[in-house]
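The values are calculated or read from the model by the stated rules, or taken from the named source; none is laboratory data. On a predicted model such as this, the values are computed, not experimentally measured, just so you know. Here the Cβ positions follow ideal geometry from the backbone for every residue, glycine too, while neighbour counts run over all protein chains shown. With ligands, DNA and RNA removed, areas are computed over all heavy atoms of the protein, side chains included. Shrake-Rupley method; radii C 1.70, N 1.55, O 1.52, S 1.80 Å.
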Amino acid sequence: MDIKPLQTFLVAARMLGFGETARALNYSQSTVSEHIRLLEEELGVRLFERIGRQVFLTEQGRLLVPLAEKLKQDLSMITGAFRQDESFSGTLTIGSVESLCVFWLPQLLKEYKLRYPRVRVVIRIIECAQMAAWIRQNMVDVAFGMSDESRQPNILQQLLFKGEAYFVAAPDHELADRTGITLDELANQTIIAPELSVAAGSGGSYRQKMDDLLVAAGVQPLSLMEFDSMEAIRQCVKHGLGIGLMPDLAVRDDLYNGTLVRIKCQMASIPYEAFMLLHREKWLAPPLSALANMVREKVISTI
């Protein structure tokens, strides 16, 4: 069996669209269709069915997915065992929430690329709520998030660090120089925060905890602006559009430089944790194993 049609099938099974599959693999759509046709012909079954413009896996297609994944991993192990000189090449796909991708991941990747320059690194921004599913479906090799997934089956979780989220504002904001601000006073403010879907996960989120605290205090903000981008929140706060709920790692430099200030509110800061996530049954190819070991070394060195 030619492995290429099988690899095309796995991507198509994830994308559920031949056009998207072609773009992901840099193939023509006719090549994708031909690969699927050859595989269906060899197996003697239909793997996909079309309903209108949508593509769905058949029962036989769903059965093939885990078998094809296992075959792909076995093939990687075989080629890796006899091609040690090329073991640190290939592609490493990393999923990350935006805040970690922008404010934490670059330094790690800088060190990684210095050690392993031949590895192609692909970064995908994922919402916390999607993280466990992407790991289980092998859409990413490793993920970095801010929600506790330790209760998810087949997820191996490594604590990276702990932090806190709090309100920040532009230096000329009316609350910037005040102390002892009560929660009631926030009823007169515009609050800028991440969307619940962006921060949500099985372990909850600092956005959800903020909502709970305000509801418990009977406080309804003047208005609420929600973004799916931490950098968008940061820029809006800098331009004086409101006070922003942000994690410390995203505003550390701004607080040091004075371009943002922390609001001295009676609401305590909201703790959060950052994690590395892997599938328990995933074979750690050399590029992935090297990254995981680098992360663990950093975690140990900061304890």
(message) Test of understanding: among A200, A165, which residue is under 22 Å from A250 (Cα atoms) and either at pLDDT 85 or above or among the hydroxyl-bearing types (S, T, Y) (or both)?
(response) A165
(request) Could you please find all residues in the range 110-129 being open to solvent by 40 Å² or more (accessible area, probe 1.4 Å) and over 8 Å from the mean Cα position of the chain (by Cα)? (result) K110, E111, K113, L114, R115, Y116, P117, R118, R120, V121, I123, A129
(message) For the structure I just gave you, tell me whether A133 is small (G, A, S) and more than 21 Å from Y206 (Cβ to Cβ).
(response) yes
(request) Would you please name the residue that is least open to solvent (accessible area, probe 1.4 Å), looking only at residues in the range 204-239 that are over 19 Å from A187 (Cβ atoms) and assigned to a loop (DSSP other than H, G, I, E, B)? (result) S205
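Quick one: count up the residues across the range 257-275 that are open to solvent by 50 Å² or more (accessible area, probe 1.4 Å) and farther than 12 Å from P171 by Cα.
5
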(request) Could you tell me which residue of the range 67-109 is modelled with the lowest pLDDT, considering only residues that are part of a strand (DSSP E or B) and of a type outside the set (V, I, T)? (result) G90
(request) Kindly provide the set of residues from the range 139-197 that are closer than 21 Å to E281 by Cβ and open to solvent by less than 40 Å² (accessible area, probe 1.4 Å), ordered by number. (result) M139, V140, D141, V142, A143, F144, G145, E149, I155
(message) Here's a check for you: in the range 33-66, which residue that is modelled with pLDDT under 90 and β-branched (V, I, T) is nearest to F18 (Cα to Cα)?
(response) V55
(request) Return yes when F275 is in contact with a Leu (Cβ under 9 Å, 6 or more places away or on another chain) and aromatic (F, W, Y) and no when it is not. (result) yes
(message) Which numbered condition in (1) within 28 Å of P286 (Cα to Cα); (2) in a helix (DSSP H, G or I); (3) open to solvent by less than 10 Å² (accessible area, probe 1.4 Å) is the only one that W134 fails?
(response) (3)
(request) Find the residue count for the range 37-79, including only residues that are of a type in the set (D, E), in contact with a strand residue (DSSP E or B) (Cβ under 9 Å, 6 or more places away or on another chain) and within 20 Å of I3 (Cβ to Cβ). (result) 1
(message) So L241 passes all but one of these: (1) free of Cβ contacts under 8 Å to residues at least 60 places away in the same chain; (2) under 15 Å from F161 (Cα atoms). Which condition number does it fail?
(response) (2)
(message) Here is a check on your reading of the model: is L156 in a strand (DSSP E or B), out of contact with any Cys (no Cβ under 6 Å at 6 or more places or on another chain) and touching a residue at least 24 places away in the same chain (Cβ under 8 Å)?
(response) yes
(message) Checking V295 against (1) open to solvent by 30 Å² or more (accessible area, probe 1.4 Å); (2) among the β-branched types (V, I, T); (3) under 22 Å from V121 (Cβ atoms), only one condition comes out false. Which one?
(response) (1)
(request) Please go through the range 207-245 and pick out each residue that is touching a Cys at 6+ places or on another chain (Cβ under 8 Å) and either farther than 21 Å from L260 by Cβ or of a type in the set (A, V, I, L, M) (or both). (result) M225
